[in-house]
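See below for the structure under consideration.
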Amino acid sequence: MIGCDCDVCRSPDPRDQRLRSSIYIETPECSWVVDTGTDFRTQALRENIRNVDAVIFTHSHTDHIMGFDDLRRFSHARGSMPVYASAETMRDLERVFQFAFNPSNAAPYYLKPEPHIIDGPFKLGETLITPLPVPHGDSIVNGYLFSRACACLRNTDSQSVRPTEFHSGESKIPDKMSGGRTGQEACVPDTYEKLVAYLSDCSAVPDTIVDLIAGVKVLIIDALRDRPHPTHLSVGQALEVAALVKPDATYFTHLCHDLPQSAESQLPKGVRIAYDGLQLTI
Ligand SMILES: [Zn+2]
Ligand SMILES: [Zn+2]
Ligand SMILES: [Zn+2]
């Protein structure tokens with residue numbers, strides 16, 4: 001935190017130096033980023049990100065959108081940048097980044113967003129993405145569940161296959177997935193494996209969402225600090241959700257400087273504190 005001399009801000013453990021919350025997902029077909037916070041450029045340079053086929057937004061708070069324009073590097077390479085967001089978040093993006101959404105935006109290196117309003121599950125490549133509407137203080141924001149067909153997973157070596165083809169949201173989604181306005185009405189077909197649930201900003205996780213993500217391999221969940229907060233889960237609340245979801249592994253994210261990396265040693269088995277640059281292969 002700017003101008004702070006607390007133990008975490010002065011910690012010698014590099015994992016205590018944290019930028020804004022975001023994840024980058026690479027699949028055999030395509031790659032995308034969830035949120036482009038203020039630090040997106042720094043993060044993309046640090047991780048040597050060479051390919052972004054789409055961006056998915058959780059909500060429009062500044063710590064999740066202010067790096068949006070730095071997608072121009074990837075947008076130019078593709079010709080446009082598919083942007084997936086709820087109608088409310090898209091409205092905010094269009095207002096804040098009017099210069100990019102403006103149809104008369106003709107400068108070749110400008111970001112050219114291609115808006116896709118999320119009103120139910122959709123696919124990027126072979127990954128099924130189910131929105132998870134959760135309360136974040138007084139607002140409702142989206143988390144996401146990422147699932148893939150079991151057979152596809154068995155046949156794929158994600159380390160060696162390069163992205164070759166990108167399918168946009170028009171990809172065929174199994175019949176029972178379509179038509180659901182929100183993740184609350186959605187379900188994941190039995191043939192799909194729930195791989196990652198990402199809930200970066202939430203103050204509660206409704207039972208319907210817990211049911212939807214139950215048994216997911218990796219749960220990445222908001223755990224701001226030990227003390228309660230009006231718009232974020234505390235460590236205790238996040239542990240309660242994890243106990244209901246029963247993932248193989250849980251990672252805490254969106255941490256504030258009240259919570260040192262060393263607190264991980266006091267957490268139950270299978271629960272970790274995520275850190276910048278953490279990579280998971282699933
Ligand atoms: Zn501090
Ligand atoms: Zn937020
Ligand atoms: Zn946030």
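Every number here is computed from the coordinates shown, using simple stated rules; none is lab data. Just so it is clear, the model here is predicted, and its values are computed rather than measured. Methodologically, a virtual Cβ is constructed for each residue, glycine included, from the backbone with ideal geometry; neighbour enumeration extends over all protein chains shown.
Some points to look at:
- Residue in region 125-135 that is farther than 24 Å from Ser203 by Cβ, in contact (Cβ under 8 Å) with a residue 24 or more places away in the chain and in a loop (DSSP other than H, G, I, E, B) present: yes
- Boolean, Phe101 is more than 30 Å from Ser147 (Cβ to Cβ), away from ligand 2 (no atom under 16 Å from the Cβ) and in contact with a strand residue (DSSP E or B) (Cβ under 7 Å, 6 or more places away or on another chain): yes
- Annotation for region 53-60: at least one member residue is away from ligand 3 (no atom under 16 Å from the Cβ), touching a strand residue (DSSP E or B) at 6+ places or on another chain (Cβ under 8 Å) and not hydroxyl-bearing (Ser, Thr, Tyr).
- The residue list Phe122, Phe68, Phe99, Phe74 contains one member that is aromatic (Phe, Trp, Tyr) and loosely packed, with under 14 Cβ neighbours inside 10 Å, which is Phe99.
- Within region 230-254, the set of residues being assigned to a loop (DSSP other than H, G, I, E, B) and either touching a residue at least 24 places away in the same chain (Cβ under 8 Å) or loosely packed, with under 13 Cβ neighbours inside 10 Å (or both) comprises Pro230, Thr231, His232, Leu233, Lys246, Pro247, Asp248, His254.
- Taking region 267-282 as the range and being over 23 Å from Gly215 (Cα atoms) and surrounded by fewer than 14 Cβ atoms within 10 Å (Cβ to Cβ) as the test, only Gly277 passes.
- Filter pass, His257 being within 19 Å of Gly143 (Cα to Cα) and in a loop (DSSP other than H, G, I, E, B): no
- Within region 1-12, residues that are within 18 Å of Asp63 (Cα to Cα) sit with their Cβ atoms under 6 Å from residues that are surrounded by 10 or more Cβ atoms within 10 Å (Cβ to Cβ), at 6+ positions apart or across chains, in these pairs: Met1/Cys9; Met1/His257.
- Qualifying positions in region 188-227 - surrounded by fewer than 20 Cβ atoms within 10 Å (Cβ to Cβ) and within 16 Å of ligand 2 (Cβ to nearest atom): Ala204, Arg225
- So Asp201, is it charged (D, E, K, R) and part of a loop (DSSP other than H, G, I, E, B): yes
- Here region 1-20 is the region considered, the condition is being under 20 Å from Ala44 (Cβ atoms) and surrounded by 14 or more Cβ atoms within 10 Å (Cβ to Cβ), and the residue that is farthest from ligand 3 (Cβ to nearest atom) is Arg15.
- Qualifying position, being within 13 Å of ligand 2 (Cβ to nearest atom) and over 16 Å from Ser31 (Cβ atoms), among Asp63, Asp69: Asp63
- Single match in Leu124, Leu145, Leu128 (criterion: away from ligand 2 (no atom under 16 Å from the Cβ), touching a Cys at 6+ places or on another chain (Cβ under 8 Å) and within 24 Å of Val245 (Cβ to Cβ)): Leu124
- Within region 7-39, the residues that satisfy the criterion of being farther than 23 Å from Leu132 by Cα and within 16 Å of ligand 2 (Cβ to nearest atom) are Arg18, Leu19, Thr38, Asp39.
- Considering region 33-58, the residues that are among the aliphatic types (A, V, I, L, M) and surrounded by 19 or more Cβ atoms within 10 Å (Cβ to Cβ) include one that is farthest from Asp276 (Cα to Cα), namely Ala54.
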